[in-house]
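Q: Sharing a structure below in structure tokens format, with a few things to ask.
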């Protein structure tokens, strides 16, 4: 099997167009990685990088953000904002398209998608300016942003602090806009989705740290073995195989709704009818519910902690002390990897799975399009009945996808909290990392397969199906 895969990859470089696309993609991704190590002037990035190395953990939103930036946040690099402002702007535009009639109408018009993309770019600039400025303020007071950090990151004098703020905001904004442009270039002239590949290469950049942490699990520097080599190793390998297989299965899983098209005449032309199917993805929302749940749950915990500390103190009244104690208790309940946190986390993933489907899957429009084109679902009347059928079918399969996302999301937390597996290792056993890696690699492999089949080469095929396709 390995020889067949190696032969397939060698065939990719026998096609000039595909070879140039692959080389172009690799070169652009190398430039993206440079942004993660070129530091913003006036900042002591080495001190923050050392702090992250010695305080490895999930880190909530900061940990997730650092993962998406490929470690640029930890090094105070010009790519510290990463591609996330562009993704956030795209999500905002998509959600507004579902609820704002003007944008919804624009999305259906010819050339409307191009205008929406342009709006997303403008919104990206605004988000970068805002987030870049707050990031600059956070680096001024790193103890508030990174918790246990002690030291100073800003090397500017107090009299030049506004120069530092404006300069840092400019560099961070420019870094994100450059990443956005490079991602679009990969999509147009390379292979795969550019933005997704930039995130993926940032996640893969953490593999060396994961391998070092994995070695320390079984062969620590102190000489005492923390984990049983054979038993724990086999357990981790088995879990990784199960998780990867499950992610591939649920990513590719879909319900095929049969659609019958009637014969119709347009002028003097007669179009024959036929049978097709409408694919309804089980995991329609992808990784978005996990990202939303992680981002939202970070804020209540910080709010209750800061409010409790502000109200408490040796001179606080009895009522203020009671409220302070209540807030601190709520903050402790919302600590990551606590049972209460994981329960709320799972419920929010279920909610956002349905929320994303409700805002992005328009069964009324699909029903109208089928009716206009002479299509219908066998056994279901066109119009409102078809819309209700699609709504019920999507609701049922979304439950399966949401339950799967919940299980995948809590596996890293369970490994880290219950089995004391280092977070660098545990993060590759589920959560956003695994979902993004598998999804992006499958999509890129499909595009490479298309180029190979067009030139009559064998692709990543086995009996007519992509390996791993279910």
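Derivation of every value follows stated rules applied to the coordinates shown; laboratory data play no part. No experiment lies behind these values; they were computed from the predicted model shown. A quick note on method: Cβ atoms are made from the backbone with ideal geometry, for glycine too, and the neighbour counts reach across all protein chains shown.
Q: How much length is gained on full extension from residue 418 to residue 137, taking 0.36 nm per residue of separation minus their Cα-Cα distance?
A: 97.6 nm
Q: Something else about it: Please work out how much length the chain gains when fully extended from residue 241 to residue 385, using 0.36 nm per residue of separation minus the C-alpha to C-alpha distance, in nm with one decimal.
A: Length gained between residue 241 and residue 385: 47.6 nm.
Q: Place a point 7 Å from Cα of residue 326 in the direction of its Cβ. Which residues in the stretch 274-309 have their backbone N less than 18 Å from it?
A: It comes to 300-309, nothing else.
Q: Right, something else. Would you mind ranking 214, 239, 207 by Cβ crowding within 10 Å, fewest neighbours first?
A: Ordered by Cβ neighbours within 10 Å, fewest first: 207, 239, 214.
Q: Among 20, 324, what is the fewest-to-most ranking by other Cβ atoms within 10 Å?
A: Arranged by neighbour count, lowest to highest, 20, 324 become 20, 324.
Q: Can you work out the PRE-style zone for residue 212? Point 7 Å along Cα to Cβ, and I want the residues of the stretch 393-426 with backbone N under 16 Å.
A: Under 16 Å, as judged by backbone N against the label point of residue 212, lie 422-426 of the stretch 393-426.
Q: Based on the Cβ-Cβ distance of residue 232 and residue 340, what FRET efficiency does E = 1/(1 + (r/R0)^6) give at R0 = 35 Å, to the nearest 0.05?
A: Details: r = 28 Å, r/R0 = 0.81.
Between residue 232 and residue 340 the formula returns 0.80.
Q: Between residue 395 and residue 260, how many nm apart are label points set 7 Å from Cα along the C-beta direction?
A: 2.6 nm
Q: Round to the nearest 0.05 the FRET efficiency obtained for residue 24 and residue 318 when R0 = 56 Å and r is the Cβ-Cβ distance. Each step should come with its number before you reach the end.
A: Values: r = 68 Å, r/R0 = 1.22.
Working from the Cβ atoms, E equals 0.25.
Q: Which of the peptides 188-194, 434-440, 8-14 is most tightly packed, and how do the rest follow, judged by the mean count of other Cβ atoms within 10 Å per residue?
A: 434-440, 188-194, 8-14
Q: Test of understanding: extend the Cα→C-beta vector of residue 126 to 7 Å, then name every residue of the stretch 65-109 with backbone N under 17 Å from that spot.
A: 85-104
Q: Next up: Where does each of 108, 446 land when they are ranked from fewest to most other beta-carbon atoms within 10 angstrom? Provide the component values of the computation, followed by the final result.
A: Values: 108 10, 446 14.
Sorted ascending by nearby Cβ count, the order is 108, 446.
Q: So how do 243-251, 357-365 stack up, highest first, on mean other-Cβ count within 10 Å?
A: 243-251, 357-365
Q: Apply the a/c threshold of 1.5 to the C-alpha gyration tensor of the stretch 86-216 and tell me whether it is rounded, prolate or oblate.
A: Oblate, because a/c is 1.5 or more while a/b does not exceed b/c.
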